[in-house]
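Okay, so here's the structure we're looking at.
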Amino acid sequence: INNVLIFLFLLSVFLLSVYKITEPDVWMHLSLGKAIWQLKGIPAYEPYVYTALDRPFSYAAWLFGVTYYLTYLAFNIHGVILLKAVTVTSVFYILVRDALRPYKNYVIAVIVLTAVVLMARHRFVERPDTFLMVFLSFSIFSLNAYVYDNRKYIYALPFVHLLWANSHSSIALMFIPFSAVIFGNMLNKLFNKKFSADFTVLSSSRTKTILIIFAVSFAASLINPYFMDQYFYGTQSLTGAVSKYYYGTQSLYTLWLRQSVMELQRPTWQITKWPYLM
C-alpha cells in the first residue's frame, strides 16, 4: 500500500508537469544551446543581443541549454516537455526518499509534499531552475542519508556540484546544506551536554569526511567557464554590475529589472502570500 501511495503521488507530479510550453525563456535557452553545440564551445562574443555584439558572451546555464537543445534535436518539442516533467518528478522522488527518514510515515510524507507541489506548481517550467531543484534536493538527501544512516551518497556530491555549477548560477546555494549539517551538529553537541538531550551527533571522523567532501565539491564547482564569477552572477545582476558591463549604465536598467521581474521584487502580501504563511 505504501509503495502504491508513493507511485500515485509521483505519477500525479509527472502528469501535472506535462503541459504545453508557456515559458518564453525556453526559446532563448534552446537557441543558446544550439549555438554552443554547433560551435562545439562557448561563443567568444554575444551572438544575439544586437546592443552587445562586441561584449564577451555570458551564459551561466550553458549545460542546461545544450541538454535541452539535444533533447529538442532528438525528440522535438515533445521531448523538451517530457524532459521537464521527468526532471520535476525526479525532484519529488528525492524529496519523498528524504521525507521518509527516520520514521517512514508515508501518509505524512505525501501530505506534506502535496502541499509543496501546490506551492511550487508554477515553477514546473522549462528553465534551469528545475536542474537547481534536483541538485539542491540531492545535496540535502545525501547529507541526511550520511548523517542518519551512514549511506555513502555524499561521495557523488563533487560530481553533482560540478554539473550544478555548469547548469545554473544558483551554485552558491551548495553552501547551505553543508552549513546546516556542520553547525547543526555543533548545536546538537551543545544541547546534549547542556540539557542531557539525545540528538544525533556525528563522530569527528564523519565530520571530517563531510568537510573533505565539501572542499572537493567546492573545487569541482570551479570547473566551469566562468570560475568564481558563477557564484556572484546573481548578485551582480541585482546590483546592476551586469547591466553596467553590457550597457554602460546600471541605474535605469537595474531599476527596470527590480520593478518588472517579480522574483526581484520585495515580497508583499499582494504579490505572493506564501512567505508570510510559511
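The values are calculated or read from the model by the stated rules, or taken from the named source; none is laboratory data. Everything numeric in this text was worked out from a predicted model, so none of it was measured. Don't worry about glycine lacking a Cβ; one is built from the backbone with ideal geometry, like all the others, and counts go over all protein chains shown. Protein only, heavy atoms only, side chains kept; ligands, DNA and RNA dropped before computing areas. Shrake-Rupley method; radii C 1.70, N 1.55, O 1.52, S 1.80 Å.
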Practice task
Keeping to segment 143-160, report how many residues are over 12 Å from R101 (Cα atoms) and of a type outside the set (A, V, I, L, M, F, W, C).
Solution key: 6
Handout entry: Search result, residues across segment 86-102 that are part of a helix (DSSP H, G or I), closer than 15 Å to Y146 by Cα and either among the small types (G, A, S) or open to solvent by 50 Å² or more (accessible area, probe 1.4 Å) (or both)
Key = R97, A99
Practice task
Just give me the residues in segment 133-173 being buried (at least 21 other Cβ atoms within 10 Å of the Cβ), more than 24 Å from P225 (Cα to Cα) and of a type in the set (S, T, Y), in sequence order.
Solution key: S142, Y146
Handout entry: Selection status of T130, at negative phi, surrounded by 15 or more Cβ atoms within 10 Å (Cβ to Cβ), β-branched (V, I, T) and touching a residue at least 12 places away in the same chain (Cβ under 8 Å)
Key = yes
Completion exercise
Of the residues in segment 110-124 that are free of Cβ contacts under 8 Å to residues at least 40 places away in the same chain and of a type in the set (A, V, I, L, M), the one that is most open to solvent (accessible area, probe 1.4 Å) is L118
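For (1) charged (D, E, K, R); (2) open to solvent by less than 20 Å² (accessible area, probe 1.4 Å); (3) assigned to a helix (DSSP H, G or I); (4) over 20 Å from S90 (Cα atoms), each residue gets a yes or a no:
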| site | (1), (2), (3), (4) |
| --- | --- |
| L5 | no, no, yes, no |
| L10 | no, no, yes, no |
| I21 | no, no, no, no |
| M28 | no, no, yes, yes |
| S31 | no, no, yes, yes |
| K34 | yes, no, yes, yes |
| W37 | no, no, yes, yes |
| P47 | no, no, no, yes |
| S58 | no, no, no, yes |
Problem - Check on L16, closer than 30 Å to Y106 by Cβ and modelled with pLDDT of 90 or more - result: yes
Exercise for the section: Specify the residue that is least open to solvent (accessible area, probe 1.4 Å); the eligible residues are those in segment 201-222 that are outside any helix (DSSP H, G or I) and closer than 22 Å to L136 by Cβ. Expected result: L202
Handout entry: Wholly within segment 103-183, helices (runs of 4 or more DSSP H) carrying at least 3 residues that are in contact with a helix residue (DSSP H, G or I) (Cβ under 6 Å, 6 or more places away or on another chain) and more than 30 Å from I212 (Cβ to Cβ)
Key = 106-120
